[in-house]
Amino acid sequence: MKKLKLRTSLVATLCFLGWTLSPLHLGWSALPQIRSPLLINLKISVCQIDGTTEREKPDVRQTLAIAYDTLLAPNVKACIDASPSPAENARFVKTRKNARGIMSGLATWFSQLCILLHRLIKERRHESFDALRVFQVLAASLLCSLMWWHSDYRDVHDRLGLLFFISIFWGVLPSFNAVFTFPQERAIFTRERASGMYTLSSYFMAHVIGSLSMELVLPAAFLTLTYWMVGLRPGLIPFLLTLSVLLLYVLASQGLGLALGAAIMDAKKASTIVTVTMLAFVLTGGYYVNKVPSGMVWMKYVSTTFYCYRLLIAVQYGNGDAILAMVGCEPKGTHGAAKTAGCRFMEEEVIGDIGLWTSVSVLFFMFVGYRILAYLALRRIKL
């Protein structure tokens, strides 16, 4: 009976000690301050209880309370005073959480981009370098080389025809191929986006980066073969300038196809619209008609073909003074200049009415702007 009472007393003591020293009573910051002397004193007190009557037992609750006030209370109070306030703790946790959320979000986005880009390149490399497409480009390059084989620098009209053909070919082909990109993937894109597999921005950036790596190989190969065979302006710098203009023009034309395809999302309708649009751009490109009617002038200045054509001419003939002097015409702006029909033709065709850097800026703006329009068009698709 005496041992049963002793065990009951020990259980009650330990329960009270557990509540008194628990984190809920002392606070989490007080845990490091709990030391073993109190437990040693408790053990000694329990051992001393044996052999005494119930009336002679000390008041355990009072003993523990005094021990806490004497040994632990000062240290616990000092730790509580030194610890940050709840508001500071909440702000710290929120800041860490936001930082981790941003870093995790960026890592997830880049992971999605890499996976989508790898899948896109794996799927499109056979399409981009299809045998028929490669044959089409090589055949066009061979025909150009044979038709303008080592053309004379002074045959301005023939040279302008070659430059405009290059503008037409590499304006129509990329835009017509790009217009089918999003309509063909609409079902897969809608299903994967609805399931939350990736974000729209990662999907779109994968297409933008993938087009830069795949769609520029064939234009570069075409120009490399054609440039030297037709005898355009010799030198590495003119060739690199011509290549840069052509690649920028290809990207701008491709962006037009992406924007129309994303806006219409019907392959047949989008191909019809892009065909009509490129036809309008070609007609107002500056080769067929110089004096465009006033009601159609605006179309001339939104035509990608017009800016590419002017840049190609500027690379080959500069400001036009050399070719004007070569054919016996005075520079533009001098007294008595452009009196003959030939001189007027040279000034209208070679010199033009728009600056070099203006054309570059407009093409770059179209390259970025058409892709922004395509992205906004994809955002409106309901999942």
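The values are calculated or read from the model by the stated rules, or taken from the named source; none is laboratory data. All figures in this text were calculated on a predicted structure; none of them were measured in a lab. Note: ideal-geometry Cβ built from the backbone for every residue, glycine included; neighbour counts use all protein chains shown. The accessibility values were calculated without ligands, DNA or RNA, using every heavy atom of the protein model including side chains. Shrake-Rupley method; radii C 1.70, N 1.55, O 1.52, S 1.80 Å.
Using the average count of surrounding beta-carbon atoms within 10 Å as a protection proxy, the listed peptides 232-244, 294-306 rank, highest first, as 294-306, 232-244. Protein-only accessible surface at a 1.4 angstrom probe places the residues F164, F345 in the order F345, F164, largest first. Of the chymotrypsin sites (Phe, Trp or Tyr not before Pro) in region 248-297, the ones in a loop by DSSP (not H, G, I, E or B) with at most 11 other beta carbons within 10 Å are Y288.
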